[in-house]
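What follows is a single structure, written as structure tokens, with notes after it.
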Amino acid sequence: MKILIVSGAFFPQNSPRSFRTTQLVKELARQGHEVRVYIPNIKYDFSELLKEYKTLDIRLCINLTWNDIKLDSTGLKYWIHRIIRRILIYFLEYPSIQWYLKMPQILKNENGYDLLISIAVPHPIHWGIAKCIKKGMNFSDTWVADCGDPYMGCQTASYKPPFYFSYLEKSFCKRADFITVPIESAKMGYYFEFRNKIKVVPQAFNFDEVIVSEKYVPNEIITFGYAGSFVPGEREPRSILEYLAKINLDFRFIVYTMQRKLIKDFIPILGEKMVLKEYLSREQLLFEMSKMDFLLNIENDSTVQRPSKLIDYALTKRPILSVNSQQINKEKIIQFLNRDYSQQYVVNNIEDYNIKNVTNKFLELAKHKHVK
């Protein structure tokens with residue numbers, strides 16, 4: 001097949017959408033499909049990747065010329081920048097709205113594909129392709145709009161988006177042949193009239209690239225970890241850390257995150273019991289976490305979203321402690337700290353997340369459209 005992919009994230013970026021795009025692109029090319037992917041202007045040398053995957057073509061398509069407002073100032077200036085940044089993001093989806101505005105120019109010479117896959121976030125990627133199609137541009141036989149989270153129906157956002165963005169969301173939902181979401185319950189985050197075209201295609205991982213510790217050895221001091229971002233008020237560890245600070249047990253809680261500000265006040269309280277670390281590559285991270293006694297998952301207070309890290313965690317083969325930060329289960333936490341993992345979260349049907357199986361689900365959508 002001849003396949004066109006548009007995404008806002010790609011290797012070496014470290015994010016769920018980057019992993020989604022990179023794994024999908026590599027597997028499609030490995031299978032021999034002719035793949036062209038449009039990504040932001042990432043400063044990286046892709047020559048080795050292109051050498052390995054002969055049918056892959058990477059196009060650096062967009063510079064966010066309206067730069068995001070940095071919050072590296074202090075005092076009054078910091079708060080002014082923060083307020084302006086929040087206003088621009090909320091009312092204009094700034095700066096990612098440029099995907100919507102520039103998409104006709106980006107894809108002006110593209111046509112003749114069997115399959116087009118657009119990957120959000122950011123959602124303006126979908127909006128921009130819908131805009132192109134509305135203008136009469138015809139890229140492919142089948143358009144699949146892949147969504148990690150819903151937009152208007154997102155339950156973890158701090159604020160509900162302004163009503164006028166619903167027109168853009170409905171526009172892409174109307175024109176896409178299929179909308180793919182990672183879990184069945186995510187369908188409820190979309191407008192009822194489009195749910196018949198929503199298909200479940202879970203997060204994907206190349207199992208061949210996963211390296212874990214060959215033989216787990218319990219740590220002398222029980223050690224557990226968390227990796228990823230926090231969502232203030234929804235998916236954050238403060239209530240868990242407050243409880244851990246009261247427990248008269250020794251442990252090591254290793255946290256890989258870029259959002260240290262949210263938990264830095266617990267550093268003097270927990271002392272050596274909590275260790276903050278920078279992000280690692282996915283491969284390194286899984287290896288390090290496979291040596292821990294168990295892993296912590298902080299649940300979304302949402303029925304339509306589920307952290308993709310659960311699949312990463314499952315691949316480490318370590319027990320998963322899954323807790324709701326709004327109403328923590330203290331008994332379960334104590335059980336895990338005492339090495340009782342009887343209430344661990346289990347990820348079923350792990351092969352569903354194998355990149356080979358996930359890639360085939362996308363290809364089947366194109367074939368299904370063709371048969372119809």
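The values are calculated or read from the model by the stated rules, or taken from the named source; none is laboratory data. Keep in mind that what you see is a predicted model, and the values were worked out from it rather than measured. No Cβ is skipped: glycine too gets one built from the backbone with ideal geometry, and neighbour counts run over all protein chains shown.
Observations
- Any pair with Cβ under 7 angstrom, 6 or more apart, that starts in region 78-102 at a residue that is surrounded by fewer than 17 Cβ atoms within 10 Å (Cβ to Cβ) and ends at one that is in a helix (DSSP H, G or I): none
- Hey, ILE129 outside any loop (DSSP other than H, G, I, E, B) and at pLDDT 95 or above or not: yes
- Residue match in region 293-305 (condition: farther than 26 Å from ALA245 by Cβ, assigned to a loop (DSSP other than H, G, I, E, B), touching a residue at least 40 places away in the same chain (Cβ under 8 Å) and of a type in the set (A, V, I, L, M, F, W, C)): yes
- Residue identified as in a helix (DSSP H, G or I), outside the structural domain of PRO202 (by TED's automatic domain parsing) and within 29 Å of LYS187 (Cα to Cα) among LEU310, LEU321: LEU310
- Screening the candidates ILE221, ILE298, ILE240 for the property of being surrounded by 14 or more Cβ atoms within 10 Å (Cβ to Cβ), among the β-branched types (Val, Ile, Thr) and more than 20 Å from SER15 (Cα to Cα) yields one hit, ILE240.
- Residues (assigned to a helix (DSSP H, G or I), among the hydrophobic types (A, V, I, L, M, F, W, C) and in contact with a helix residue (DSSP H, G or I) (Cβ under 7 Å, 6 or more places away or on another chain)) located in region 199-243: LEU241
- When PHE230, PHE194, PHE178 are screened for being assigned by TED's automatic domain parsing to the domain that holds MET137, in contact with a Leu (Cβ under 6 Å, 6 or more places away or on another chain) and not basic (Lys, Arg), only PHE178 passes.
- The residue that is nearest to the chain's Cα centre (by Cα), counting only those in region 166-203 that are surrounded by fewer than 16 Cβ atoms within 10 Å (Cβ to Cβ) and over 29 Å from PHE91 (Cβ atoms), is ILE183.
- Filtering region 25-62 to residues that are in contact (Cβ under 8 Å) with a residue 60 or more places away in the chain, within 21 Å of the chain's Cα centre (by Cα) and either outside the structural domain of ILE117 (by TED's automatic domain parsing) or within 18 Å of ILE355 (Cβ to Cβ) (or both) leaves LYS26, GLU27, LEU28.
- Residue in region 351-366 that is over 26 Å from ASN219 (Cα atoms), assigned to a loop (DSSP other than H, G, I, E, B), among the charged types (D, E, K, R) and at pLDDT below 90 present: no
- Figure legend. Inter-residue proximity from region 168-191: first residues over 16 Å from MET152 (Cβ atoms), second residues part of a helix (DSSP H, G or I) and at pLDDT 90 or above, beta-carbon distance below 6 Å, spacing 6+ or different chains. Indicated pairs: ARG175/ALA130; ARG175/ILE133; PHE178/LYS197; PHE178/LEU365.
- VAL255 vs. criteria among the aliphatic types (A, V, I, L, M) and either in a strand (DSSP E or B) or not assigned by TED's automatic domain parsing to the domain that holds LEU310 (or both): yes
- Of all residues in region 87-126 being touching a Ser or Thr at 6+ places or on another chain (Cβ under 8 Å) and assigned to a strand (DSSP E or B), the one that is nearest to LEU4 (Cα to Cα): LEU116
- Failed condition for GLY136, given (1) at positive phi; (2) part of a helix (DSSP H, G or I): (2)
Results for (1) acidic (Asp, Glu); (2) touching a residue at least 24 places away in the same chain (Cβ under 8 Å); (3) touching a Lys or Arg at 6+ places or on another chain (Cβ under 9 Å); (4) surrounded by fewer than 19 Cβ atoms within 10 Å (Cβ to Cβ), shown as yes or no for each residue.
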{"residue": "ILE119", "(1), (2), (3), (4)": "no, yes, yes, no"}
{"residue": "ILE125", "(1), (2), (3), (4)": "no, yes, no, no"}
{"residue": "ASN138", "(1), (2), (3), (4)": "no, yes, no, yes"}
{"residue": "TRP143", "(1), (2), (3), (4)": "no, yes, yes, no"}
{"residue": "TYR164", "(1), (2), (3), (4)": "no, no, no, yes"}
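- Hey, LYS330 without any contact (Cβ under 8 Å) to a residue 60 or more places away in the chain, surrounded by fewer than 18 Cβ atoms within 10 Å (Cβ to Cβ) and more than 18 Å from the chain's Cα centre (by Cα) or not: no
- Members of region 244-261 that are over 20 Å from the mean Cα position of the chain (by Cα) and surrounded by 16 or more Cβ atoms within 10 Å (Cβ to Cβ): LEU244, PHE251, ARG252, PHE253, ILE254
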